[in-house]
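S.K.: The structure's right below; bear with me while I get my questions together.
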Amino acid sequence: MKKIIKVVGKCMDCREQPCVSACIQSHSGCEEIGWGHLYIVPNQKGGAPIVCEHCEVAPCVNACNRKALVRNKQTGAIVVDKYGCNLCGLCVSACPYGLISGGQNIVYKCDLCKGEPKCVSACPHGALLYY
């Protein structure tokens, strides 16, 4: 199963944060919440990207009473079944990375851009890889 790999020391915490911008632009609805499905934590060497780990044993999946978070068999991403989600927020609270957020009609989280993560291709420094 492929996943996004963070390359230590490569993130420069770009002023424009093209990885975050690419995420927001590629997911309709992210504009509603004002942020993408990743964020950058500044540090002495630039920054550290925080991305969904699509955990093997995922706290968000375990927290969902309605089983509205499921693993996509093709991409390995944990995705939201918008028809099963009732916006209760249990998955939002359970995410150890703070990367799930509630909107007006659905919960937003990384879906690995259906197997072609835009954040990875937008990073000018190679801080994010997908394999």
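The values are calculated or read from the model by the stated rules, or taken from the named source; none is laboratory data. Quick caveat, the model's predicted, so the values are computed rather than measured. Positions of Cβ are generated from backbone atoms using ideal geometry, with glycine treated the same way; all protein chains shown enter the neighbour counts. When the accessible area is computed, the model is the full protein with side chains, heavy atoms only, and any ligands, DNA or RNA have been set aside. Shrake-Rupley method; radii C 1.70, N 1.55, O 1.52, S 1.80 Å.
S.K.: Could you give every pair whose Cβ atoms fall below 6 Å, whose first residue belongs to region 4-29 and is more than 19 Å from Pro42 (Cβ to Cβ) and modelled with pLDDT of 90 or more, and whose second residue is part of a strand (DSSP E or B) and of a type outside the set (Phe, Trp, Tyr), counting only separations of at least 6 or pairs across chains?
M.R.: Ile4/Val51; Ile4/Leu128; Ile5/Leu129
S.K.: Within region 45-70, can you find the residues that are open to solvent by 80 Å² or more (accessible area, probe 1.4 Å) and at pLDDT 90 or above?
M.R.: Once the filter is applied, which keeps residues that are open to solvent by 80 Å² or more (accessible area, probe 1.4 Å) and at pLDDT 90 or above, region 45-70 yields Glu56, Val57, Asn62, Asn65, Arg66, Lys67.
S.K.: Restricting the search to region 75-93, which residues are open to solvent by 30 Å² or more (accessible area, probe 1.4 Å) and over 16 Å from Ile4 (Cβ atoms)? Show your work before the answer.
M.R.: Quick first cut of region 75-93, residues open to solvent by 30 Å² or more (accessible area, probe 1.4 Å) only: 79-83, 85-88, 90, 92-93.
Matches in region 75-93: Val80, Asp81, Lys82, Tyr83, Cys85, Asn86, Leu87, Cys88, Leu90, Val92, Ser93.
S.K.: Take the residues in region 30-43 that are open to solvent by 40 Å² or more (accessible area, probe 1.4 Å) and modelled with pLDDT of 90 or more, then tell me which one is farthest from Ile100 (Cα to Cα).
M.R.: Across region 30-43, the extreme among qualifying residues is Asn43.
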